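Report on one structure; see the data block that follows.
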Amino acid sequence: MPRRSAQEWMRRSLRTPGIFIFGLVLAPCGWVLNLTATVAPNWRTLEDIPDTPSNEFIEQGIWDICRSVTTSTSSTCNLNDSTYFNNQIIEVARGLMVAGLVLTLVGLAVAIPGVRCWKDQPNWVVAGLGGLLIFISGVLTIIPIAWYTHILPDITTETPRTNVQVGYCIVLGYIGGIFEVLGGFVMFIGICRCCGGKNRGEVRVTENLRSRFSTRQPTPQPRRVDVPTLSRDRSPAPSSVPYIRDTLDDDISFPRAKSPAERSANTSYSGRPYDADL
């Protein structure tokens with residue numbers, strides 16, 4: 001595909017591109033989940049500890065260790081366990097989790113000005129670099145989470161244990177890391193124009209003009225309107241009443257309706273009707 005200049009492409013809409021909306025929603029959500037996974041002391045849980053009540057268990061994180069009871073919500077934290085904190089995975093997890101949190105903030109700080117939703121065209125390069133930083137932060141989060149899960153039963157500790165369970169921080173870390181990886185990757189693909197510009201919501205100017213001319217409908221001809229004539233038949237319409245219509249057909253004369261000449265011929269000098277028989 002030959003390389004074309006930016007002037008030959010145009011956006012279909014002035015709205016914020018969907019790939020940036022997707023990334024800017026998932027990245028902060030992933031950051032909150034990763035922050036919770038980093039500071040919460042529940043990467044793994046030790047249960048059925050010898051010489052302790054059956055409802056008591058220990059929660060171990062990368063920064064703190066707490067002792068809790070299933071029948072109470074209170075916990076006793078800041079427990080000393082130098083053997084646990086001296087494991088290599090703990091030091092690596094601390095560094096990578098903190099680095100991932102900081103890198104996510106930096107990526108958002110770079111991506112938000114690049115999106116520039118108040119302008120016609122976003123800065124695709126700057127926003128794509130911000131997405132790349134978010135993607136890397138997600139990878140940095142998943143690495144210690146996956147490593148810790150892989151060696152979960154083999155991490156040494158001073159507390160004797162018989163039952164080791166995965167803590168909720170592992171689940172939150174996986175979800176947060178996946179959110180950041182997906183959001184950063186989707187934002188990063190905006191740095192290059194692919195799929196015919198559909199990832200940016202763009203089309204070539206020539207294609208847009210061609211589609212406009214091809215879909216243009218012919219101008220409709222003006223429709224002829226027949227204006228009704230004002231001349232009307234002045235003949236009286238037949239009456240709708242049967243007995244009146246039959247009466248009008250017969251030539252019935254009423255005295256008052258006759259002309260003066262006819263009334264004088266049939267009327268006597270006294271004004272009464274003339275009776276020929278009389």
### Cross-chain or 6+ apart pairs with Cβ under 6 Å, the stretch 67-92 first and basic (K, R), then open to solvent by 80 Å² or more (accessible area, probe 1.4 Å)
R67/T76
## Note on the structure
Taking the stretch 162-196 and the residues there that are surrounded by fewer than 18 Cβ atoms within 10 Å (Cβ to Cβ) and part of a loop (DSSP other than H, G, I, E, B), the one that is modelled with the lowest pLDDT would be C194
### Task
Please enumerate the residues belonging to the stretch 95-116 that are in a helix (DSSP H, G or I), open to solvent by 60 Å² or more (accessible area, probe 1.4 Å) and at pLDDT below 90.
I112, P113
### Query
Out of the residues in the stretch 14-55 that are open to solvent by less than 40 Å² (accessible area, probe 1.4 Å), at pLDDT 85 or above and of a type outside the set (A, V, I, L, M, F, W, C), which is farthest from Y148 (Cα to Cα)?
G23
### Task
Output the residue which, of all residues in the stretch 56-79 that are open to solvent by 50 Å² or more (accessible area, probe 1.4 Å) and of a type in the set (G, A, S), is modelled with the highest pLDDT.
S75
### Task
From I151, I170, I136, I155, grab the single residue that is within 18 Å of V32 (Cβ to Cβ) and not aromatic (F, W, Y).
I170
### Message
Which residue is most open to solvent (accessible area, probe 1.4 Å), if the candidates are limited to the stretch 122-161 and must be over 30 Å from P17 (Cβ atoms) and not in a helix (DSSP H, G or I)?
### Response
E158
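The values are calculated or read from the model by the stated rules, or taken from the named source; none is laboratory data. Note that this is a predicted model, so its numbers are computed, not measured. Methodologically, a virtual Cβ is constructed for each residue, glycine included, from the backbone with ideal geometry; neighbour enumeration extends over all protein chains shown. Areas reflect the complete protein model, heavy atoms only, side chains present, ligands, DNA and RNA absent. Shrake-Rupley method; radii C 1.70, N 1.55, O 1.52, S 1.80 Å.
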